[in-house]
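The values are calculated or read from the model by the stated rules, or taken from the named source; none is laboratory data. Since we're looking at a predicted model, the values are computed, not measured. With ideal geometry, Cβ positions are generated from the backbone for all residues, glycine too; neighbour counts draw on all protein chains shown. Surface areas here come from the heavy atoms of the whole protein model, side chains and all, with no ligands, DNA or RNA. Shrake-Rupley method; radii C 1.70, N 1.55, O 1.52, S 1.80 Å.
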Amino acid sequence: WNPKGGKAKVDFRLKDARIFNIPTNPTDIDGQKYYINSIFVIEVAGLCVAHLGNLNHLLGQETLDRLGRIDVLFIPIGTIGALSPPDAIKVIQQVRPPLVIPMHFDTTGPNAFAALAKDLFPLKIFNGNHMMLNRKDLPNKTEIMFMIVAGAPAGE
């Protein structure tokens, strides 16, 4: 991602869209620090979407500042290479987006996460493989939307 080595850096514009990354998951390998994940932020048509990739830790203030206002948060939930259900709740509370879409969960992730989230946020299920979003139609307070796509493995 970075031909000169070091942290990956993506930041480009295409017409009215901007896409940038925030390196995460710092890992030391043989005394060298690597960032093995990136959050990707997509700003387009008045919406700001963050895809957390395989984030496996809470967010620091610097990352939260770089994220800015997030309208839709794709969050990985599971036990390996993703956030645990309790940490996913904490990240949602850190970011405070109107809409959260869980992803990458393992077989225990959705149920364990839903059990924790149900007292904090409205939980909804969307059956389909795409949705149209408009900033004015987003909820006023954070909602969790589980997307059920016919034919897809759970969590994808």
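Rounded if a/c is under 1.5, else prolate if a/b is larger than b/c, else oblate: which is segment 50-107, with a ≥ b ≥ c the root eigenvalues of its Cα gyration tensor? Prolate is the answer for segment 50-107, as a/c is 1.5 or above and a/b outweighs b/c.
Note on LYS141: lysines with a C-alpha under 21 Å away, same-chain residues under 8 apart excluded, are LYS90, LYS118, LYS124. Largest first, the residues PHE74, PHE146 sort by 1.4 Å accessible area into PHE74, PHE146.
Of the listed peptides 40-47, 119-126, 29-36, what is their order by residue-averaged count of other C-beta atoms within 10 Å, with the highest listed first? Don't skip to the answer; put the middle values down first.
Working: 40-47: 14.9, 119-126: 12.1, 29-36: 10.5.
Peptide ranking by packing, descending: 40-47, 119-126, 29-36.
Under the classification rounded if a/c is under 1.5, otherwise prolate if a/b is larger than b/c and oblate if not, where does segment 1-133 fall, given a ≥ b ≥ c as square roots of the Cα gyration tensor eigenvalues? In terms of gyration-tensor shape, oblate. Using the Karplus relation 6.51 cos²θ - 1.76 cosθ + 1.60 with θ = phi - 60°, the per-residue 3J(HN,Hα) values for segment 22-29 come to 10, x, 9, 6, x, 9, 9, 10 Hz, with x marking Gly and Pro. Accessible-area rank, largest first, for SER84, SER38: SER84, SER38, with all protein chains present and a 1.4 angstrom probe.
Our coupling estimate for segment 52-60, obtained by passing each phi through the Karplus curve with A = 6.51, B = -1.76, C = 1.60 and θ = phi - 60°, is 7, x, 10, 3, 10, 8, 5, 8, x Hz, Gly and Pro reported as x.
What is the local net charge at ARG66, summed over the other residues whose Cβ is closer than 14 Å to its Cβ (Lys, Arg +1; Asp, Glu -1)? Present the calculation step by step, with values, prior to reporting the outcome.
Values: positive: LYS7, LYS9, ARG18, ARG69; negative: ASP11, GLU43, GLU62, ASP65.
Around ARG66, the charge tally is 0.
If the segment from GLN61 to ASP30 were pulled out straight at 0.36 nm per residue, it would be longer than the present Cα-Cα gap by 8.4 nm.
Contact order, relative form, for segment 10-86: 23 percent (alpha carbon pairs under 8 Å, 6 or more residues apart, mean separation divided by residue count). Charges were assigned to the Cβ only: +1 to each Lys and Arg, -1 to each Asp and Glu. The resulting dipole of the chain about its Cα centre is roughly 440 debye. Across the chain, the relative contact order, built from alpha-carbon pairs under 8 Å that are at least six residues apart, equals 16 percent. When you restrict to C-alpha pairs under 8 Å that are six or more residues apart and normalise by the size of segment 45-103, the relative contact order lands at 40 percent. The H on the amide N of MET147, modeled in the peptide plane, is under 5 Å from the matching H of PHE126, each at least 5 residues off or on a different chain. By the rule of a C-alpha distance below 25 Å, with chain neighbours fewer than 8 residues away ignored, the lysines paired with LYS9 are LYS33.
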